[in-house]
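The values are calculated or read from the model by the stated rules, or taken from the named source; none is laboratory data. Since this is a predicted model, take the numbers as computed values, not measurements. When we count neighbours, we look across all protein chains shown, and the Cβ atoms used for this are built from the backbone with ideal geometry, even at glycine. Note: areas computed on protein heavy atoms with side chains; ligands, DNA, RNA excluded. Shrake-Rupley method; radii C 1.70, N 1.55, O 1.52, S 1.80 Å.
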Amino acid sequence: MEIRKLRVGGLLLSSNVLMAPLAGYTCYPFRMLAYEMGAGLCFTEMVSANALKYQDRATGKLLFTTKQEKIRAVQLLGGNPAVMERMACSELLQDFDVIDINMGCPVPNVFKSGEGSALMLDWKRASAIIRGCRKSGRIVTVKCRTGIRENELFAAEFARMCEDSGADMITIHGRSRSMMYDGEPCYEEIARAKAAVSIPVIANGGIYSAEDGDRMMERTGADGIMIARYGLENPFIFGILTGKPSGKTTRQVILEQMELTCRYYDETFTLSYIRKLASYGMKKRKGTKRYKERLYRSGSLEELREVVELIFPE
């Protein structure tokens, strides 16, 4: 895989390996970790434009960032062009350089509400959302899928619409909405989209190793790849792919994440986040299952630290 800097709008990313927005995981501490490991761009968790409109406190917390996060990207979910434009242009997003529009979420409740991947069925509305978000003056990117059903894929045509509407980059999850998160990605469809537009195309889906990343790039010709849940299981993947290994151990990484999270979030959030991160780190690690119950029973940061040190002895 060719690792290179990537220009998106007026930004020059340090690498073409990106970290996907993941609900419940890509909070500020994890984004900082992914950047440290070599990611060129990281996104917030999916943020509902409607929830922001009604000043939902929990949703507002998803926007937390600091000046230490050099490039800041928010993923916005919504189906109403007027609301999306209003929120994109609001002071709430003033700290962000990039607005990524979620046009790929396949979850039934999101789809039924006309948001996420449902926008791939309404190009006029999708285009209006992109154009509205462009009025914010920020870089606008789109994350979508190859189509709605496996037998009817149209990523290339959709990518052209996104480019014509003003998108600076498009990320394509190589599965249709009907496939959800399972099955072999359709490399050919991403390749068609790449050939159809001049803006960067990022390939996503089914990347669980450096070899998978290489295969995705080779078969699609994409400008870069986006790592999703495998980045939680193995955050070192960014350094492996970019040829800049960190030299840290999993134990060091998790304890540093705990310290950083404590600095900006309360104990309840820290306990929940570190438990989830440790659980991902335990995958394929022999002899750790016996600690899982104790991990989730930890009622204080001191107890949690003790369990983390048992799970990851070095």
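At-a-glance table
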| item | result |
| --- | --- |
| Filter pass, Ala167 being touching a strand residue (DSSP E or B) at 6+ places or on another chain (Cβ under 7 Å), crowded, with 24+ Cβ neighbours inside 10 Å and not in a helix (DSSP H, G or I) | yes |
| Criterion (touching an Asp or Glu at 6+ places or on another chain (Cβ under 6 Å) and at pLDDT 95 or above) met by exactly one of Leu92, Leu153, Leu121 | Leu153 |
| Residue, surrounded by the fewest Cβ atoms within 10 Å (Cβ to Cβ), within the range 125-150, restricted to residues that are of a type in the set (Lys, Arg) and under 18 Å from Gly104 (Cβ atoms) | Arg149 |
| Subset tally (residues that are within 18 Å of Arg4 (Cβ to Cβ), open to solvent by 30 Å² or more (accessible area, probe 1.4 Å) and modelled with pLDDT under 95) for the range 171-213 | 0 |
| Residue count for the range 199-209, restricted to those that are of a type outside the set (Val, Ile, Thr) and in contact (Cβ under 8 Å) with a residue 40 or more places away in the chain | 2 |
| Identity of the residue in the range 69-85, modelled with pLDDT of 95 or more and out of contact with any helix residue (DSSP H, G or I) (no Cβ under 7 Å at 6 or more places or on another chain), that ends up nearest to Met120 (Cα to Cα) | Asn80 |
| Failed item in (1) touching a Gly at 6+ places or on another chain (Cβ under 8 Å); (2) buried (at least 16 other Cβ atoms within 10 Å of the Cβ); (3) among the hydrophobic types (A, V, I, L, M, F, W, C), with Ala82 passing the rest | (2) |
